[in-house]
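Here the structure is laid out as structure tokens; the discussion comes afterwards.
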Amino acid sequence: MTSQQEFWLILGMTAVTFGVRYPVLALVGRFELPHRLMEAMRFIPPAVLTAIIAPALLMPGGSVDFDYTNAYLAAGIIAGLTSWRTKNLLLTIVVGMIAFLAWRVLIGAMG
Amino acid sequence: MPHASSATTEHSRSANRAQEFRRGVRATFPLVVGAIPFGIIFGAVAVNGGLSPQATMAMSLFVFAGSAQFVAAGLAAAGAGVAIIVLTTFVVNLRHALYAASLAPHMKHLPQRWLALLGFWLTDESYLVVIDRYAQADDSRDKHWFFLGSALFMYTNWQLCTYIGIRAGQAIADPASWGLDFALPVTFIGMLVPMLRSRPVVACVLVAGVSAVLFHSLPNQLGLIIATLLGVATGALLQKRKAKA
């Protein structure tokens, strides 16, 4: 990519990203949203988190992988249990990362 | 009485803002930790894929959208044109419209300059901690300072990590082999699990998860948006039935 193309790339990406984020924020607040819609929006955080997590754990290689050699799935389960027991986000990240790296080393040693 | 207390009120207002700001920073800390590898990998992948260090840094400074930046770097490396990448960025970022719609009712009282600034700094991470803050019942009028603290922390960290990634460059050419690509999902697991407190939420999560896997092959993360909407619809329907019963 030439530096001129890069310039237009950054400009275009900046415009569309801000164009998605800001107008809704600016306009929607001016209207009274239906109560049902407001209630429904409470489900956005868990839904979007799951929609990001599920493919990352279940199909790290692009297709569904339920095998024990899938370190993403195994460490994901360990992280989930840690979070459930402790409700501690930082601890969950640390335990999950260690579990992930350890699982890969173990599987690698067996293979 | 009103005269005597106005100075104190003004003082406590600014103290409250500073406190909100600090709380926003603190609540975002674990998410910043999770975003560190993500930012470093972005910097490394982008320059390895042929973007100049200047363009890579500019993308983090001006676009500030993690997953869209990743997709853009990948497309640029594959030789895609500017128009295609910009269009893809738009689609990948569509979920931010959902975030904005859910935040907007809480932010009606803010002037446009605040909305523009916080809109620019809206990310998955800040959305998640900020909407949680807005959901708390206390009547603080300064929750946008919490947002500001969260957003500035995420933004500063993203710039630093991009810079480190650019410098590290070739050293981490294959991030998956380092296991750093697990940092983001594990962070999100730690946020998700404590939310699973009611049947509608659990149903929402099951539907969103299965749909996300089923629709994963759709281009431009459209599957992510479809899965989110299906999950939200499921949760909302069950919630309504529960309310009626």
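Please treat every number below as a calculation from the coordinates, not as lab data. This is a predicted model, so every value here is computed, not measured. Here Cβ is always computed from backbone atoms with ideal geometry, including for glycine, and neighbour counts include all displayed protein chains.
Listing B:106, B:144 from the residue with the fewest other Cβ atoms within 10 Å to the one with the most, what is the order? List each step's numbers first, then the result.
Values: B:106 17, B:144 26.
The order, fewest Cβ neighbours first, is B:106, B:144.
What are the semi-axes of the equivalent ellipsoid of chain A, taken as the square roots of 5 times the eigenvalues of the Cα gyration tensor, listed largest first and rounded to whole Å?
Values: eigenvalues 270, 126, 34 Å².
Ellipsoid half-lengths, sorted descending, are 37, 25, 13 Å.
Can you tell which of B:127, B:94, B:48 lies farthest toward the positive end of the dipole of the protein assembly as shown, using +1 and -1 charges on the Cβ of basic and acidic side chains (Lys, Arg; Asp, Glu)?
B:127
Mind checking B:44-54 for the average number of partner chain beta-carbons within 10 Å of each residue's beta-carbon?
On the way: counts 0, 0, 0, 0, 0, 1, 1, 4, 4, 0, 4.
Taking all residues of B:44-54 together, the mean is 1.
Classify the stretch B:114-245 as rounded, prolate or oblate from the Cα gyration tensor: take a ≥ b ≥ c as the square roots of its eigenvalues, call it rounded if a/c is under 1.5, otherwise prolate when a/b beats b/c and oblate if not.
On the way: a/c = 2.35, a/b = 1.26, b/c = 1.86.
Here the stretch B:114-245 falls in the oblate category.
Step through the residues of the stretch B:139-155 one at a time and calculate ³J(HN,Hα) from phi using the Karplus curve (6.51 cos²θ - 1.76 cosθ + 1.60, θ = phi - 60°), rounding each to whole Hz and writing x for Gly and Pro.
Karplus-based 3J(HN,Hα) across the stretch B:139-155 equals 9, 4, 8, 10, 5, 5, 6, 4, 4, 4, x, 4, 5, 5, 5, 4, 5 Hz.
What spacing in nm lies between the two simple spin-label points modelled at residue A:11 and residue B:156, each 7 Å away from Cα in the Cβ direction?
Rounded to a tenth, the inter-label distance reads 3.2 nm.
Show me the GluC sites (Glu not before Pro) within the stretch A:1-56 that DSSP assigns to loop and that have at most 14 other Cβ atoms within 10 Å of their Cβ.
Details: sites: A:6, A:32, A:39; in loops: A:32.
Counting only loop positions with at most 14 other Cβ atoms within 10 Å, the GluC sites (Glu not before Pro) in the stretch A:1-56 are A:32.
Can you compute the charge dipole magnitude of the protein assembly as shown about its Cα centre, using +1 on each Lys and Arg Cβ and -1 on each Asp and Glu Cβ, nothing else charged? Give it in debye, rounded to the nearest 20. Present the calculation step by step, with values, prior to reporting the outcome.
On the way: 25 positive and 15 negative charges, 230 e Å.
Once rounded to the nearest 20, the dipole reads 1100 debye.
Considering every residue in B:101-113, what mean count of other chain Cβ atoms within 10 Å of its Cβ is obtained? Please report the intermediate quantities before stating the final value.
Values: counts 10, 11, 6, 10, 8, 1, 4, 5, 1, 3, 0, 3, 0.
Counting other chains' Cβ atoms within 10 Å and averaging over B:101-113 gives 5.
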